[in-house]
Each structure stands twice: as structure tokens, then as C-alpha cells.
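Asks: Have a look at this one.
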Amino acid sequence: MKFHDEAYLCIIVAVNIFASYAAYVAAPQEVTMGDVYRIFYIHTPAAWVCYLALAISLLASIVFLTKRKCAYDKIAEVSAILGLIYGSVALVTGSIWANAAWGAYWNWDPRETTTLILWIAYTGYISLKYSIENIERRALIGAVYNILAFSTIPLSYLSIRLWQTLHPQIITPSQISITAPMIETLFLNLIAASLIYVYLLRVMFNVRSLQDRVDALIYEKGGATRGT
Amino acid sequence: MEPEVFLASTIYWISILAIGIWLSRRLSSLRQKLADLEAEGKSDEN
């Protein structure tokens, strides 16, 4: 199936405009936080895409270890980079929320701390990928490290249930603490953010593949490249 | 719009736009570089 970039981009823009309108204008005001709670519609999708991207990175690393195809290693790498970027946005927007809700940007809350650990673990993964010269060793060691680093995701996700925390628990097994229009707006924004992630993943994968082809051609001509 | 919401949304959208623009520029520069290298390779063969 041919992927129609421009049509997909139009759908992304339309869905995101609609989702932003719902988040900033249409969604009802929250009782205790007022309009500041709308950060929730930015912070939660960023955190969701971070988890999604790192989960896809993990799956790609597992498939790479079983099939040993370079394409999966590239997917793992670019998805982890996107996960790290979305994780950074989630941390920063979470800090803005924390300052508005709790009076300080950083409180060493279990969710903040475990997400920071996650962020550091994946910064390590990217550093590792860019520090090993040999392509096969880089892919193999990176895949193993990626699988180990993924343990920080359940730690971050479950931290608000495992320890006492300031972080609000919106959806628990027993109850949902926001109204139906808020849930609809949240899901719309989760879908909008996921669509952007899929697009960025595809473009970043193409960039990474082209970079490898260019490196290979330069190497054939006798020049120095990143991995040999 | 509350200043905190404005700040958070600016950070989010600028990050996404910056990655998108950077990737798009990188993609076109790599395509150009690849075309140049392939053309160079063909002229070497001749």
C-alpha cells in the first residue's frame, strides 16, 4: 500500500486543530484547578506517546534480536529518540503543572523521580548507540540495553500506585475522577498526539535509512563514516 | 488562556514543529547528497 504523506499530514493537522479546540476552549473548567488544569491535555498525551514510543522501541529490539534485521534496530533507535523527546516535554509540562498545583516545579515526587530515571536510562541508550563504531555490536548491545531500560516504564507508570504521591490519579480500577467531556477531550488529544508520533517515526526512519546509504557510499569511496 | 497553559502548549508545539522541520530539511539534504554521490559514482565508472 502506498503511503500518501500529504493526505496523512492533512488528517494530522485537522485532528490536532479539533483536539486543541476541544482542549483549550470546549472542555469544561475543572472545579479546584480552574483553567490551569488544561495543561493535562498537553502533559498526558506527551507522557502517553513517550510510553508508546519506548514500547515500540522495545518490541523492535526484541524482533531485531530474533530476526537480526537492521531495519528493526533502526526502528528501535528512532522510536527511542522520539520517546525521549516526548518524555522531556512530559517532564517540563509536568513541572509547570506541579508549580501551579503544589507551589514548586520539582518535588521529588515518586512519579517525577521515576520518570527522570526513565529519561536518564534512555539518554544512556542513545549515548550508547552513538558511541559504538561497529554496526553489529552497536545494534546487539543497544537491543539488550533497550530491553533492560524498558523496566523503567512500568516503574514510572505504577509509581503513583506503589508509593504515596502528590500526582493525581485520574483513572483507577475503581473510579474515574473526571467528567465524560473531559475524558472525550483527553482521548481525542491522545489520538492526535499518537498520529503525530507515527508520522515523525516514519520520517525519522527514512532519514536514518538514507543516512546509512550515504555513509555506505562515502565508505565505498574511502571516506570516514559513523559506523564501519 | 492561563499563562501556564500557554507556556506548556508553546513548549509542546515548538518541540514538535522543530523536530518536523529539522527532519524535513535533513531528509531533503540527504536525498540531494545521495543523488550527488550516485551521479559521481556513475561518472567514475564511465
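Asks: Among (1) among the hydrophobic types (A, V, I, L, M, F, W, C); (2) within 23 Å of residue A:36 (Cβ to Cβ); (3) within 14 Å of another protein chain (Cβ to nearest Cβ), there is one condition residue A:85 misses while meeting the rest; what is its number?
Replies: Residue A:85 satisfies every listed condition except (2).
Asks: So residue A:209 fits all but one of (1) in contact (Cβ under 8 Å) with a residue 24 or more places away in the chain; (2) assigned to a loop (DSSP other than H, G, I, E, B); (3) surrounded by fewer than 18 Cβ atoms within 10 Å (Cβ to Cβ); what number is the exception?
Replies: Unmet for residue A:209, out of (1) in contact (Cβ under 8 Å) with a residue 24 or more places away in the chain; (2) assigned to a loop (DSSP other than H, G, I, E, B); (3) surrounded by fewer than 18 Cβ atoms within 10 Å (Cβ to Cβ): (2).
Asks: (1) touching a residue at least 40 places away in the same chain (Cβ under 8 Å); (2) part of a helix (DSSP H, G or I); (3) closer than 28 Å to residue A:168 by Cβ: which one isn't true of residue A:107, the others all being true?
Replies: (2)
Asks: Sort out which residues of the stretch A:16-75 are at pLDDT 90 or above and of a type in the set (Ser, Thr, Tyr), and write them in order of number.
Replies: Within the stretch A:16-75, A:20, A:21, A:24, A:41, A:44, A:51, A:57, A:61, A:66, A:72 qualify.
Asks: Can you tell me how many residues in the stretch A:130-176 are in a loop (DSSP other than H, G, I, E, B), of a type in the set (S, T, N, Q) and either at pLDDT 90 or above or in contact with a strand residue (DSSP E or B) (Cβ under 8 Å, 6 or more places away or on another chain) (or both)? Outline the logic, then answer.
Replies: Of all residues in the stretch A:130-176, those in a loop (DSSP other than H, G, I, E, B) come to A:130-134, A:150-151, A:163-170, A:172-175.
Checking the rest, the ones that are also of a type in the set (S, T, N, Q) come to A:131, A:134, A:151, A:164-165, A:169, A:172, A:174-175.
From what's left, either at pLDDT 90 or above or in contact with a strand residue (DSSP E or B) (Cβ under 8 Å, 6 or more places away or on another chain) (or both): A:131, A:151.
Final tally of qualifying residues: 2.
Asks: Give A:71, A:47, A:53 a once-over and let me know the one that is within 13 Å of chain B (Cβ to nearest Cβ), in a helix (DSSP H, G or I) and farther than 19 Å from residue A:185 by Cβ. Before the answer, list the steps.
Replies: Working: A:71 fails: within 13 Å of chain B (Cβ to nearest Cβ); A:47 fails: farther than 19 Å from residue A:185 by Cβ.
On inspection, the qualifying residue turns out to be A:53.
Asks: Does at least one position in the stretch B:12-30 carry a residue that is facing chain A (nearest Cβ under 8 Å) and within 13 Å of residue A:217 (Cβ to Cβ)? Show your work before the answer.
Replies: Step one: list which residues in the stretch B:12-30 are facing chain A (nearest Cβ under 8 Å), which gives B:12, B:15-16, B:19-20, B:23-24, B:26-27, B:30.
Adding the requirement that they be within 13 Å of residue A:217 (Cβ to Cβ) leaves B:30.
Looking for residues that are facing chain A (nearest Cβ under 8 Å) and within 13 Å of residue A:217 (Cβ to Cβ), one finds at least one in the stretch B:12-30, hence yes.
Asks: Considering (1) modelled with pLDDT of 90 or more; (2) more than 23 Å from residue A:13 (Cβ to Cβ); (3) not polar (S, T, N, Q), say which one residue A:223 fails and leave the rest.
Replies: Only one criterion in (1) modelled with pLDDT of 90 or more; (2) more than 23 Å from residue A:13 (Cβ to Cβ); (3) not polar (S, T, N, Q) is unmet by residue A:223, namely (1).
Asks: Additional query: Given the criterion assigned to a helix (DSSP H, G or I), within 14 Å of chain B (Cβ to nearest Cβ), out of contact with any strand residue (DSSP E or B) (no Cβ under 9 Å at 6 or more places or on another chain) and buried (at least 17 other Cβ atoms within 10 Å of the Cβ), identify the matching residue among A:199, A:219.
Replies: Step by step, each of A:199, A:219 is checked, and only A:199 is assigned to a helix (DSSP H, G or I), within 14 Å of chain B (Cβ to nearest Cβ), out of contact with any strand residue (DSSP E or B) (no Cβ under 9 Å at 6 or more places or on another chain) and buried (at least 17 other Cβ atoms within 10 Å of the Cβ).
Asks: Could you grab me the full set of residues in the stretch B:1-11 that are surrounded by 12 or more Cβ atoms within 10 Å (Cβ to Cβ) and more than 7 Å from chain A (Cβ to nearest Cβ)?
Replies: Within the stretch B:1-11, just B:6 meets the criteria.
Asks: Something else about it: Condition test on residue B:40, is it surrounded by fewer than 16 Cβ atoms within 10 Å (Cβ to Cβ), of a type in the set (Asp, Glu) and at the interface with chain A (Cβ under 9 Å from one of its Cβ atoms)?
Replies: Values: surrounded by fewer than 16 Cβ atoms within 10 Å (Cβ to Cβ): yes; of a type in the set (Asp, Glu): yes; at the interface with chain A (Cβ under 9 Å from one of its Cβ atoms): yes.
Here the answer is yes, as residue B:40 does meet what is asked.
Asks: Looking at A:191, A:135, A:160, which is the one that is in contact (Cβ under 8 Å) with a residue 40 or more places away in the chain, over 18 Å from residue A:84 (Cα atoms) and in contact with a Cys (Cβ under 9 Å, 6 or more places away or on another chain)?
Replies: The match here is A:135.
Asks: Let me spell it out: the conditions are (1) of a type outside the set (Phe, Trp, Tyr); (2) more than 19 Å from residue A:160 (Cα to Cα); (3) away from every other protein chain (no Cβ under 13 Å); (4) surrounded by fewer than 21 Cβ atoms within 10 Å (Cβ to Cβ), and residue A:77 meets all of them except one. Which number is the exception?
Replies: (4)
Here's the yes/no breakdown for (1) farther than 25 Å from residue A:43 by Cα; (2) of a type in the set (Val, Ile, Thr):
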| residue | (1), (2) |
| --- | --- |
| A:186 | no, no |
| A:189 | no, no |
| A:193 | no, no |
| A:198 | no, yes |
| A:201 | no, no |
| A:204 | no, no |
| A:212 | yes, no |
| A:215 | yes, no |
| A:221 | yes, no |
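Asks: Quick check: anything in the stretch A:73-94 under 20 Å from residue A:200 (Cβ atoms), out of contact with any Ser or Thr (no Cβ under 8 Å at 6 or more places or on another chain) and without any contact (Cβ under 8 Å) to a residue 60 or more places away in the chain?
Replies: Checked against the condition, which is being under 20 Å from residue A:200 (Cβ atoms), out of contact with any Ser or Thr (no Cβ under 8 Å at 6 or more places or on another chain) and without any contact (Cβ under 8 Å) to a residue 60 or more places away in the chain, the stretch A:73-94 yields at least one hit.
The values are calculated or read from the model by the stated rules, or taken from the named source; none is laboratory data. Computed from a prediction, not measured in an experiment: that's the story for all the values here. A quick note on method: Cβ atoms are made from the backbone with ideal geometry, for glycine too, and the neighbour counts reach across all protein chains shown.
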